[in-house]
1. Can you tell me which residues in the stretch 156-168 are buried (at least 23 other Cβ atoms within 10 Å of the Cβ) and within 24 Å of the chain's Cα centre (by Cα)?
2. Give me the residue from the stretch 341-398 that is open to solvent by 60 Å² or more (accessible area, probe 1.4 Å) and not in a helix (DSSP H, G or I) and, out of that set, farthest from Asn311 (Cα to Cα).
3. If a residue has to be open to solvent by 70 Å² or more (accessible area, probe 1.4 Å) and in a helix (DSSP H, G or I) to count, how many in the stretch 120-133 make the cut?
4. Show the residue pairs meeting these rules: Cβ distance below 7 Å; 6+ apart or different chains; first residue within the stretch 33-47 and at positive phi; second residue surrounded by fewer than 13 Cβ atoms within 10 Å (Cβ to Cβ).
5. Name, by its number, the condition in (1) in contact (Cβ under 8 Å) with a residue 12 or more places away in the chain; (2) farther than 20 Å from Asp158 by Cα that does not hold for Leu113.
6. List the helices (runs of 4 or more DSSP H) inside the stretch 145-238, counting only whole elements, that have at least 3 residues being among the small types (Gly, Ala, Ser).
7. Would you list the helices (runs of 4 or more DSSP H) that sit entirely within the stretch 1-90 and hold 3 or more residues that are more than 29 Å from Ala111 (Cβ to Cβ) and acidic (Asp, Glu)?
8. Given the conditions (1) under 30 Å from Thr209 (Cα atoms); (2) open to solvent by 20 Å² or more (accessible area, probe 1.4 Å); (3) of a type outside the set (A, V, I, L, M); (4) at pLDDT 95 or above, report the number of the one that Cys180 does not fulfil.
Amino acid sequence: MAKVITQETFDSVVLENVTEFDMPVEEAIHDAMKEFKAQGVHLGIIVKDMRLSEDKKSIVHDILVALDKLHVAASGSPTLEDIQEPLTTFSAQCKISVAHRVLANNHNAYATLLKLMKNVQKDSAMLGSSLKAIVALTESNPDILTSEGIHLMLELMDDYKCRVDDTTVPEYVARWSTECCVKHENNRQNLVAAGAQGALVSLLQTHRTNARVVRAVCKALRAYTLDDDIRQEFGKAHEHARLLAEEHGLIAMCLEMIKDWLNESDTASELLSIVGKLCVRAEYCQEAVDHGALVVINDILVSFPDHTGLNKQAISLLKAMVGNDKVKVEAMKMGVGELIIVSMTSHQSVPSLSEECCAAISMLALRVPVHAKQLVQAGGGQAVVQAMKVHPKEKQLQKLGCMAIRNMVSRVPENKQRFIEYGVEEVIHTAIKNHGEQVKDVARAALRDLDLKVDLMEQWKGTGHEICR
């Protein structure tokens, strides 16, 4: 196990190097790092950029200087002029590294910022700047959230769900929620229990004409549908998605809003993404269709063929929706399958878009021979094989490509010859060579269903002995 030291210990060695050995600060820092690393000390949460005080008797960290000023302001009656400069410095320092955020938090930065926000809660300008600082402090550092912080966050959401005079506070309170939820299941569950989902949906409805707020709130809502905390064996991502879909009507709201944001690709992409995250049940997929999701996807792929990000999110939403077999049939009747192929061919140089296209084609062809035949006739098979040729090092693309190929040939024997003519055998063997065990199973399954030579490993052999009774 690696050894650890405190920031004070590191600072004292740097100061000693300066005062006792007359080293410049930069050299003193480098020498201290070298010395501690030789001793097996982990320096990941140690701040290495620092300066000497004017009397050259102590080490100064700009983030702590700013924090001291904020502590004084939080205890008095601050003005914007009092806190603007230290908040700006504090936020900039927090963004440098996790070590800076840990150092600040070890000096009660979180409590100081909460106290300051409560003090300036009625002043939107000072509150907005304070929120930016706590967002910077919480980034990749969500463990600092407390019940007091949850209460204040919900109070601010409630204050601004009916106010349109300021957009900075709604945007940054949503960002604060996001930073608290990413990779932290306990925070997610505590915030849901406190009513954060409903408060965010109200913010979205109130500020639906402001792109920055819409994007920030969508990201915050999407964070509740994640299952990314490795410390927790089980999460409630599905339950959180159910609440947003059923109790808050978010699917219909987002699809309605998308129509107003199609010319703003980043905002439309966020709205599409949250709908995709909510399509976790067949009935939610059907609800999305009932509120025009397929029409929206069709319009995007037809009217905005050059918007890579928008195309990617539209196809990602389609991939989620066609898990419902009825939606799959409706999508093919609307011609969305052909539009996916066109998008894939047009953006062949973008591997992430090709991944989504392969996944969507795979789902559309799954267990429906008629769809598989239509997709190959429309050029889907050739597009998939070409994408795999263009991006041989992209593991996920190779896996999804093999799955799409298998689904397009497994129940349609006449499609096999077409794939062989596209050079699919060499492409699949290249995928196995480049990615080995990570793609082997799906690649071999594709080769088997193509009636091509494949080395299948026998997982178990009987020994020939009788069963002992």
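The values are calculated or read from the model by the stated rules, or taken from the named source; none is laboratory data. Being a predicted model, the structure only gives us computed values, none of them experimental. A quick note on method: Cβ atoms are made from the backbone with ideal geometry, for glycine too, and the neighbour counts reach across all protein chains shown. Remember, those area values only see protein heavy atoms, side chains included, never the ligands or the DNA or RNA. Shrake-Rupley method; radii C 1.70, N 1.55, O 1.52, S 1.80 Å.
1. Across the stretch 156-168, the qualifying residue is only Met157.
2. Arg367
3. The first filter runs over the stretch 120-133 and keeps only residues open to solvent by 70 Å² or more (accessible area, probe 1.4 Å), leaving 122, 132.
Next cut, in a helix (DSSP H, G or I) only: 132.
Total satisfying the criteria: 1.
4. Close Cβ pairs satisfying both conditions: Gly40/Ala2; Gly40/Lys3.
5. (2) is the only condition that Leu113 fails.
6. Details: elements: 147-160, 168-181, 185-194, 196-206, 211-223.
Fully inside the stretch 145-238 and qualifying: 196-206, 211-223.
7. Working: elements: 7-21, 25-38, 62-74.
Passing ranges, in order: 25-38.
8. The single condition Cys180 does not satisfy is (2).
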